[in-house]
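Notes follow the structure.
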Amino acid sequence: MCLNATFNRNIMVVMTNPYAAHLENRDPFEVIGATPGKLEQLSAKLGAKGMDRSLAPGKWTGREIYCHLADCEIAFAFRIRQALAEDNHVIQPFDQDRWARNYATYQAPAALAAFSALRQWNIDLVRSVTPQALDKPLSHPERGPLTFKGLIETMAGHDLNHLAQLETIAGRSGAAQ
Ligand code: NI
């Protein structure tokens, strides 16, 4: 989600977690737990004007990134439950740009509230799984095989990717809006 298509085509076949570079050696469980608080802080830092600024022309605004994170949390919520419920679950990809066609309808505070509620719901579930379940195999049609833990690492890396974007937007003056 949010990687450019060329990168997707060339690299995804060999990379289990496309966001590994963002995660580095950080504990994915700690990262996913910290994200709601970070998004809350960034929301205050961005303010209404910052929410309307984008990273670059044609890119999502701050508000749209919040919408995307809420939508991705819906997808992750479904994926982690299916991964636990099924053997060798195959992830269903979605077209994030098509989902984003509806983003004019949402406000950033609603996106943050939706994200945070879903994230807590997901964390409660993830914390309950056995160590064996972390190794459960699943696969992504484009990225190949991964484990349940790999899915959590993907969530965490995806968080860090978008948090960094929001930090960049928040760090800019109003001149860029
Ligand atoms: Ni994304």
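The values are calculated or read from the model by the stated rules, or taken from the named source; none is laboratory data. Everything numeric in this text was worked out from a predicted model, so none of it was measured. Quick reminder, even Gly has a Cβ in these numbers, built from the backbone with ideal geometry, and neighbours come from all protein chains shown.
Consider THR147 carefully, then state whether it is closer than 24 Å to THR35 by Cα and exposed (fewer than 13 other Cβ atoms within 10 Å of the Cβ). So THR147 does not fit the description; no.
Among residues of region 91-115 that are farther than 20 Å from MET51 by Cβ, those with a Cβ under 8 angstrom from a residue that is assigned to a loop (DSSP other than H, G, I, E, B), sequence gap 6+ or separate chain, pair up as ILE91/PRO141; PRO93/PRO141; PRO93/GLU142. Restricting region 94-144 to residues that are surrounded by fewer than 16 Cβ atoms within 10 Å (Cβ to Cβ) and aromatic (Phe, Trp, Tyr), which is modelled with the lowest pLDDT? Of everything passing the filter in region 94-144, PHE94 is modelled with the lowest pLDDT.
SER43 fulfils the conditions (1) within 16 Å of the ligand (Cβ to nearest atom); (2) crowded, with 20+ Cβ neighbours inside 10 Å; (3) at pLDDT 95 or above except for a single criterion, (1).
Of the candidates ASP71, ASP97, the single residue that is within 12 Å of the ligand (Cβ to nearest atom), among the acidic types (Asp, Glu) and under 17 Å from ILE152 (Cα atoms) is ASP71.
Please verify whether region 57-70 includes one or more residues that are within 17 Å of ALA170 (Cα to Cα), more than 15 Å from the chain's Cα centre (by Cα) and loosely packed, with under 14 Cβ neighbours inside 10 Å. Scanning region 57-70 turns up at least one residue that is within 17 Å of ALA170 (Cα to Cα), more than 15 Å from the chain's Cα centre (by Cα) and loosely packed, with under 14 Cβ neighbours inside 10 Å. Entry remark, region 68-91: residues being assigned to a helix (DSSP H, G or I) and either at pLDDT below 95 or touching a strand residue (DSSP E or B) at 6+ places or on another chain (Cβ under 9 Å) (or both) number 3 in total. In this entry, GLU142 is excluded by the filter for residues that are closer than 29 Å to LYS49 by Cβ, in contact (Cβ under 8 Å) with a residue 40 or more places away in the chain and not aliphatic (A, V, I, L, M).
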